[in-house]
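Scroll down for the structure; my scribbles are underneath it.
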Amino acid sequence: MNTSNKIQARVSVIGLGNMGYKLAELLLQKGYEVTVWNRSAHKAGALVAEGAVLAETVAEAIAASPVTVICVYDYNATKAILRHDDVAAAVHGKTLIELTTGSPEQADEAESWARRNKATYLDGAIQAAPEQMGRKDTPIFISGNEEVFRKHGDLLQVFGGGVSYLGSHAGAASAMDLATLSYLYGSIIGFFHGARIVESEGMDVGVYGKLTADITPTFGEFLEHEGKVIRSGNFEISQSPLRISVEAVERILKQAKGSGINTELPELASGLLQKAKAAGYENEELAALIKVMRKSA
Ligand SMILES: NC(=O)c1ccc[n+]([C@@H]2O[C@H](COP(=O)([O-])OP(=O)(O)OC[C@H]3O[C@@H](n4cnc5c(N)ncnc54)[C@H](OP(=O)(O)O)[C@@H]3O)[C@@H](O)[C@H]2O)c1
């Protein structure tokens with residue numbers, strides 16, 4: 001951080017929900033001069049006690065710093081906050097860093113609005129919970145103008161050491177967020193199906209949760225490999241033949257039917273893997289499943 005330059009060390013934070021509050025707190029802890037604004041002003045109380053300045057209006061918050069970080073519920077909230085004449089005037093010459101979660105289209109639209117009002121813009125997608133922010137590996141996706149990204153690299157590092165810059169297309173961070181969330185929700189639903197298996201077998205779901213956490217890093221490494229296989233287009237078996245997964249999923253489906261638990265997840269997985277088998281991908285790497293998924297349902 002360039003603390004010799006006071007202007008560079010000033011940051012405004014709009015939105016003091018669970019995430020925005022944490023971002024403001026981390027900035028204060030790192031010695032930034034922080035101005036905050038929140039629809040419900042009372043949430044700023046403890047931050048003000050720690051040295052933050054509470055702005056009375058959004059325009060005042062933006063005017064106070066060269067950079068404003070926005071982290072509110074969704075882009076509709078951002079619109080409700082920013083789309084006022086006094087705010088549009090206040091953003092001239094400023095940088096907006098939007099860390100609210102949204103779609104690629106919403107990010108592109110927000111960047112266009114910023115550009116029309118002569119502000120520079122970065123869009124981000126936080127991949128962690130508030131308590132996990134500020135760690136050396138906290139993952140955050142950022143996209144937008146590269147020069148602007150480089151200029152504010154130190155600031156972004158305050159929020160997490162695992163910042164990944166995904167290119168100049170503003171919507172890229174949100175697009176990648178949709179992809180990682182897809183992975184997450186597939187896993188989450190899989191986790192709950194697994195919990196039903198454990199329950200139906202009269203075992204301890206707490207132990208299952210711990211074991212799932214234990215296997216996750218190894219599993220992540222495997223997925224990284226499968227990503228590289230898809231990129232290469234070479235589906236020769238390198239780690240895991242697709243046929244193993246066909247058999248595994250049929251076992252999961254059989255157990256679900258036999259024990260009377262919900263079968264929706266294994267039916268979905270079985271449907272996709274059986275299509276891959278029928279297409280002749282059984283003796284290819286598991287990643288060949290992507291060839292089935294490239295076709296619309
Ligand atoms: N929490 C997480 O684990 C997590 C993880 C990754 C990403 N994120 C993303 O971070 C963003 C913020 O999440 P959060 O957990 O801080 O949410 P939150 O605790 O529900 O806070 C929502 C914030 O948005 C403000 N807000 C909502 N509607 C508004 C409106 N119409 N006008 C003005 N302000 C409005 C709220 O103001 P009031 O205080 O006045 O209600 C509050 O500051 C979301 O986009 C979320 O997806 C969160």
**Request:** Would you list, by chain and number, the aspartates and glutamates whose Cα falls below 12 Å from the Cα of K257, excluding same-chain residues fewer than 8 positions away?
**Result:** E267
**Complete:** Taking the dipole of the chain about the Cα centre (Lys, Arg +1; Asp, Glu -1; charges at Cβ), the one of V205, L16, L223 that reaches farthest to the positive side is L16
**Complete:** Note, segment 46-53: 3J(HN,Hα) by Karplus (6.51, -1.76, 1.60, θ = phi - 60°), whole Hz, Gly/Pro = x, goes 5, 5, 5, 5, 8, x, 6, 9
**Potential extension, S232-E109 segment - 0.36 nm per residue separation minus Cα distance** = 41.0 nm
**Placed amide H near A128: partners under 5 Å, 5+ positions off or other chain** = none
**Request:** State which stretch of the chain is the longest one without any exposed trypsin sites (Lys or Arg not before Pro), exposure meaning a DSSP loop state and at most 12 other Cβ atoms within 10 Å.
**Result:** 137-293
**Message:** For V53, what residues show an amide H to amide H distance below 5 Å, using hydrogens built from the backbone and excluding near sequence neighbours?
**Reply:** V34, T35, V36
**Item:** Average Cα contact separation per residue, the chain, under 8 Å, 6 or more apart, as relative contact order %
**Value:** 11 percent
**Prompt:** What FRET efficiency do you get for T212 and D74 if R0 is 51 Å and r is their Cβ-Cβ distance, rounded to the nearest 0.05?
**Reply:** 0.95
**For the chain, built as a Gaussian network whose Cα springs stay under 10 Å, the top-fluctuating residue of Q127, Q274, Q29** = Q274
**Asked** Name the residues of segment 188-206 whose amide N is less than 11 Å from a point 7 angstrom out from the Cα of F219 along the C-beta direction?
**Response** 188-195
**Asked** Rg and Dmax of the chain, using alpha carbons, in Å: what are they?
**Response** 23.3, 69
**Prompt:** At 222 nm, what helix-only mean residue ellipticity would the chain give, in deg cm²/dmol to the nearest 500, using -39500 (n - 2.57) for each DSSP H run of four or more?
**Reply:** -16500 deg cm²/dmol
**Prompt:** Per residue, what volume in Å³ does the convex hull of the Cα atoms of segment 154-297 enclose?
**Reply:** 150 Å³
**Request:** Please give the helix 205-232 orientation as an angle from the longest Cα principal axis of the chain, in degrees from 0 to 90, rounded to the nearest 10.
**Result:** 90 degrees
**Prompt:** Counting only residues 5 or more places away or on other chains, whose amide H sits under 5 Å from the amide H of S164 once H atoms are built in the peptide plane?
**Reply:** I140, F141, I142
**Message:** Over all directions, the average projected area of the alpha-carbon convex hull for segment 10-168 comes to how many nm²?
**Reply:** 7.9 nm²
**Message:** On C-alpha positions alone, give me the angle between the axis of helix 18-29 and the longest principal axis of the chain, in degrees, nearest 10.
**Reply:** 60 degrees
**Prompt:** Which Cα, out of S174, H193, V69, lies furthest along the positive dipole direction of segment 69-201 (beta carbon charges, K/R +1, D/E -1)?
**Reply:** V69
**Long pairs among K94/K151; K43/K94; K210/K275; K79/K151, criterion Cα-Cα beyond 22 Å** = K43/K94; K210/K275; K79/K151
**Fill in**
Residue by residue through segment 97-107, the couplings from Karplus 6.51 cos²θ - 1.76 cosθ + 1.60 with θ = phi - 60°, in Hz, x for Gly and Pro, are 10, 8, 9, 6, 7, x, 8, x, 5, 5, 5
**Item:** Percentage relative contact order, segment 1-153, counting C-alpha pairs under 8 Å, at least six apart
**Value:** 19 percent
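Laboratory data are not the source of any read-out in this text; all were calculated from the coordinates shown. Note that the structure is predicted; figures quoted are calculated from it, not measured. Glycine gets a Cβ as well: all are built from the backbone with ideal geometry, and neighbour counts include every protein chain shown.
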